[in-house]
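Each remark here refers to the structure printed beneath this line.
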Amino acid sequence: MQELNPLLHSQLRLAVMSILMNVEEADFVYLKEKTESTAGNLSVQLDKLASAGYINIEKDMSGKRPRTICSVSDIGRNAFVEYVEVLKSYINI
Amino acid sequence: MEEKKITPEEGMQVITQMIEASRQRMSMPNLRISIMWATLAIVTAAIVLTVSLVNYTPWINLVWFAIPVIGIPVNIVVARRSEDRGGVRTAIDNISDGIWKIVGYIAIGLTIICFIMQLCGYPQAWMAMLFYAFIIVGFGAAMQGVVLKEVSYIVGGVISMLSGFVIVALTLCKVQLLLVWVLPLYIFCFLVMFIVPAAIIRNKLNSRQKCKN
């Protein structure tokens, strides 16, 4: 049986990718709220996903506050689709 | 949630949970901007109609410029506030924005054409703005309905487009268009294109929220 992508097979990173697969882009606050994670942990996991090229991170200013916007890349999209296919084979869907 | 290893079953559960968590926002773009434009169009038409019935003067038509003069700055402020609040942006948001940007650019282009026509001695060219309000805005509302899968938007848009084509036909047949029925029709079309669908969507969201609770 094919191995599950270790980068995606982690609760928080998978949650982030699942949200980003559904939307065009989401900001840090939205991801933190939906995943119920801590800012520090989320930040680390986002960096890991970005380093793998799975997500794009843009930083801009919203008024006077900095804003981090994340979106899934083509590489990330393909990896997620592949991950779901392998996951299905594990749980026999 | 934390950074921890999970079983395949838990993985599937996480995916399902997150899809569910981001689903409600996916199906609904910001309605406040379209409600603002519709309200502005309705109030302006009501003012023009009332003043015209009391004491008609051609100058009253200048009130129509209140729509862009008030609408554009308010649109910018509302859009910026939504952006400041942050959150998420979906494909539906992008498509809706695209539709209304096109409708807006057509309005700007048409206004310029009408100004030029007026300068050339054809003030009746401003009638094109009336056709625009019924047909192009109606098309935008119908497209918005297709994107949101919201039938009330499609019905409202189609009613407006058909009303617009009737007005075009009457104009071509040189039948006089009377304010006393054209403006109430205009108000009715904006109500069914924007206000009614927004109310229906709000009710749907509220009942969905109640079901969740």
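Quick rundown of the values:
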| read-out | value |
| --- | --- |
| Heavy-atom surface of segment B:37-112, accessible at 1.4 Å and reported per residue (Å²) | 59 |
| Burial order of peptide ranges B:44-56, B:9-21, A:18-30 (average beta-carbon count within 10 Å, highest first) | A:18-30, B:9-21, B:44-56 |
| Alpha-carbon centroid distance for the pair segment A:16-93 / segment B:137-172, whole angstrom | 38 |
| Exercise: per-residue mean of other protein chain Cβ atoms within 10 Å, A:5-14 | 5 |
| At least 18 Å along the helix axis (C-alpha) and Kyte average at least 0.0, DSSP helices within chain B | B:32-55, B:66-85, B:91-119, B:127-148, B:151-172 |
| Apportionment of accessible area to carbon and sulfur, chain B, percent (1.4 Å) | 71 |
| Accessible area of residue B:100 in the full protein assembly, 1.4 Å probe (Å², nearest 10) | 70 |
| 222 nm mean residue ellipticity, helices alone, for chain A (DSSP H n ≥ 4; -39,500 (n - 2.57); rounded to 500) | -17000 deg cm²/dmol |
| Mean accessible surface per residue for chain A, computed with a 1.4 Å probe while every protein chain stays in place, in Å² | 52 |
| Chain B - mean residue ellipticity at 222 nm from DSSP helices (-39,500 (n - 2.57) per run, n ≥ 4, rounded to 500) | -27000 deg cm²/dmol |
| Solvent-accessible area buried by pairing B with A, both sides, nearest 100 square angstrom, 1.4 angstrom probe | 2700 |
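The values are calculated or read from the model by the stated rules, or taken from the named source; none is laboratory data. Model, not experiment: these values are computed from the prediction. Note that we place each Cβ from the backbone using ideal geometry, even for glycine, and neighbour counts take in every protein chain shown. Each accessible area value is taken on the protein alone, full model and side chains, heavy atoms only, with ligands, DNA and RNA left out. Shrake-Rupley method; radii C 1.70, N 1.55, O 1.52, S 1.80 Å.
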